[in-house]
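Okay, so here's the structure we're looking at.
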Ligand SMILES: Nc1ncnc2c1ncn2[C@@H]1O[C@H](COP(=O)(O)OP(=O)(O)OP(=O)(O)O)[C@@H](O)[C@H]1O
Ligand SMILES: [Mg+2]
C-alpha cells in the first residue's frame, strides 16, 4: 500500500518534472521579453496556442512530426515577433502599462479568434507513432513523447543561454536590459535589439507550443489559461530571471501533477495559485529574483 | 582655423516646454581639448546628449568631420567616430568588466582591431585587467570611471566627449582622470570636456566655453577664461 503510493507519487513527480521543462521554456519567452524591455506580453499563451496549432497542422496535413516542424515554427515566430515589436509595440515602450496591456490584449483576442475561425473549437491532438512508447528506469516509467519534449525544451534553453552569454547580439541585449542609457552611449541600436528580443521570446514560446502539442491536445480556449500559467511561473521564479523561469516551470509542473494525484486533476490550478500567493507573501521578488529591482 | 572636427551651430533643445539649450554654437578643431563649464542645470549634459543624438534638438546643426550628422540616431553617431563618457559612468552593472569593454566595441569600424584595442586598454588600466571577470556593479566608483573611459576607447573614437568624469571621486583619482584625459589628447584624440572642476579643466584645455542657462556666455583660451573676473567670481569663488 505505502510502497504503491510512493511509486505513484514518484511517477507523478517525474511526469511533472518533464512537463515542467516545457512550461519552463514557455515562461522563458515571457521572462526574456519582460526582463529586457519591461513589456508584459499579455498575448503569451495565445502565441503559444498558435504554435500548437501550426505544429498540429504540419502533422495533420503534411505528416511532419512536431519535433521537425519546431525549428520552422520557431523561425517563423522569430520573424513575426521581430515585426510585431518594430511596428506595433515599439511606440508603446515607456508608455503607461495599461496602454501596453490594451495593445497586447487586442493582439491576444485577434490570435485566439483567428485560431477559432481556422481550426474551430474542437480539441486537436497529434497521434504520433511513439505515442504509447515508454522508457523504464527501475520501477519508474517515462512516456517517450514527454521525455523527448522535455529534452528538447532543455536543449533549447541551453541554446538560449549560449546566445545570451556567447554572442555579441545576446550580450548587447543583456547590456540594453541592464542600463538603457549606457546602451545608447556605447552606440547600441536599442530599437533593433528590442525587436530581436521580442523575436527570441516569441520563438521560445512557439517552440514550446510545438513541444506541448505532443503531450496535450489544443483548443483555442487553452490560450488564456497558458498566459496565466506563464505569469504564475515567471512570478514564482522571479521576474526577469532566466533560471527562475525554468525552475518555476519545474515547480509548477510538479505541483500540478502531484495535485492531480493527491486531490483532483481539476484542482491543479488551485495549487499553482496557492504557491503563487505563498511566494508573493514570503518572497515577493520570486524564488530566483533579485530584491529591490 | 581650418574646418573644425566638430561644429555645432545654433542648437536649440527643449524638454517639453522647458528650453535647455538656446542657440548654442561651438567648434572644436582636431587635436584640441575644449572645456565647457557652467553651473548645475546650465545644459552641459543636454548639449553632449544632443550632439550624440540621444536627444533631438529642435533647431540647429551638428557637423562632424565635414558631415552633417544632425538628427542621426546615437548608434550612427558612434559609428561616425564620436565617443561619449557619460555623466554617472553608465556602466552595465550585471555584465563583467570584459563584457562591458566588448560592448564598447559596438561600432563596426572598431571591430577589426578589437583585440589590440582591448590589450591597450587593459594595459592602460591595470585595475580593470585584475577585475576582468568581475561584475561591473561591484567596482568602486573610480574603477567604474576607468571602465567607462576604457569602454569608450574600445569604440576607437576620434573625438571623446567627457561628461563630469571626476564627479564624486577621491582627489587622487581625480588627478588620475585628468592625467588620462591629457594623455589621450597627446595620443591624438580630440576632447570635449565638461567638468564641475573648473580650475583643473580650464588648465588642461586649449579653449573653453562658459554655458549659462542654455546659452554660451563667454569663450576663449583656457588661460584667458581662468583670468576672467566673471569666471573667477562665479565658478572659482575667488
Ligand atoms: N531628461 C530630462 N527631462 C526634462 N528635463 C531635463 C532632462 N534632462 C535635463 N533636464 C533639464 O534641462 C536643464 C539642463 O540640464 P542638464 O542636465 O543638461 O544640465 P547640466 O549642465 O549637465 O547640469 P549638472 O551640472 O547638474 O550635470 C535642467 O534644467 C534640467 O532640469
Ligand atoms: Mg550634467
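The values are calculated or read from the model by the stated rules, or taken from the named source; none is laboratory data. What you are looking at is a predicted structure, and each value in this text was computed from that prediction instead of being measured. Positions of Cβ are generated from backbone atoms using ideal geometry, with glycine treated the same way; all protein chains shown enter the neighbour counts.
Which of the following residues is within 16 Å of ligand 1 (Cβ to nearest atom) and either crowded, with 19+ Cβ neighbours inside 10 Å or more than 14 Å from chain A (Cβ to nearest Cβ) (or both): B:171, B:165?
B:165
Take the residues in the stretch A:114-132 that are touching a residue at least 40 places away in the same chain (Cβ under 8 Å) and not in a loop (DSSP other than H, G, I, E, B), then tell me which one is farthest from residue A:89 (Cα to Cα). It would help to see each step written out before you state the result.
Step one: of the stretch A:114-132, the residues touching a residue at least 40 places away in the same chain (Cβ under 8 Å) are A:114-116, A:118-119, A:121-126, A:128.
Applying the additional criterion that residues be not in a loop (DSSP other than H, G, I, E, B) yields A:114-116, A:118-119, A:124.
On the way: A:114: 20, A:115: 22, A:116: 24, A:118: 25, A:119: 27, A:124: 31 Å.
In this case the residue turns out to be A:124.
So is residue B:35 crowded, with 22+ Cβ neighbours inside 10 Å, within 16 Å of ligand 2 (Cβ to nearest atom) and either in the same structural domain as residue B:222 (by TED's automatic domain parsing) or without any contact (Cβ under 8 Å) to a residue 24 or more places away in the chain (or both) or not? Walk me through it before giving the result.
Working: crowded, with 22+ Cβ neighbours inside 10 Å: yes; within 16 Å of ligand 2 (Cβ to nearest atom): yes; either in the same structural domain as residue B:222 (by TED's automatic domain parsing) or without any contact (Cβ under 8 Å) to a residue 24 or more places away in the chain (or both): yes.
Considered against the rule, which asks whether it is crowded, with 22+ Cβ neighbours inside 10 Å, within 16 Å of ligand 2 (Cβ to nearest atom) and either in the same structural domain as residue B:222 (by TED's automatic domain parsing) or without any contact (Cβ under 8 Å) to a residue 24 or more places away in the chain (or both), residue B:35 comes out as yes.
Evaluate the stretch A:200-217: report whether one residue or more is under 29 Å from residue B:103 (Cβ atoms) and not in a helix (DSSP H, G or I).
No, that holds for no residue.
Regarding residue B:69, is this residue within 21 Å of residue A:172 (Cβ to Cβ) and either more than 10 Å from chain A (Cβ to nearest Cβ) or crowded, with 24+ Cβ neighbours inside 10 Å (or both)?
no
Looking at (1) touching a strand residue (DSSP E or B) at 6+ places or on another chain (Cβ under 6 Å); (2) more than 27 Å from residue B:109 (Cβ to Cβ); (3) within 16 Å of ligand 2 (Cβ to nearest atom), which one does residue B:18 not meet, given that it meets all the others?
Here residue B:18 meets the rest and fails (1).
Restricting attention to the stretch B:82-94, which residues are surrounded by fewer than 21 Cβ atoms within 10 Å (Cβ to Cβ) and either touching a strand residue (DSSP E or B) at 6+ places or on another chain (Cβ under 8 Å) or facing chain A (nearest Cβ under 7 Å) (or both)?
B:87, B:93, B:94
Can you tell me how many residues in the stretch B:38-53 are under 27 Å from residue B:183 (Cβ atoms) and either more than 16 Å from ligand 2 (Cβ to nearest atom) or in contact (Cβ under 8 Å) with a residue 24 or more places away in the chain (or both)?
7
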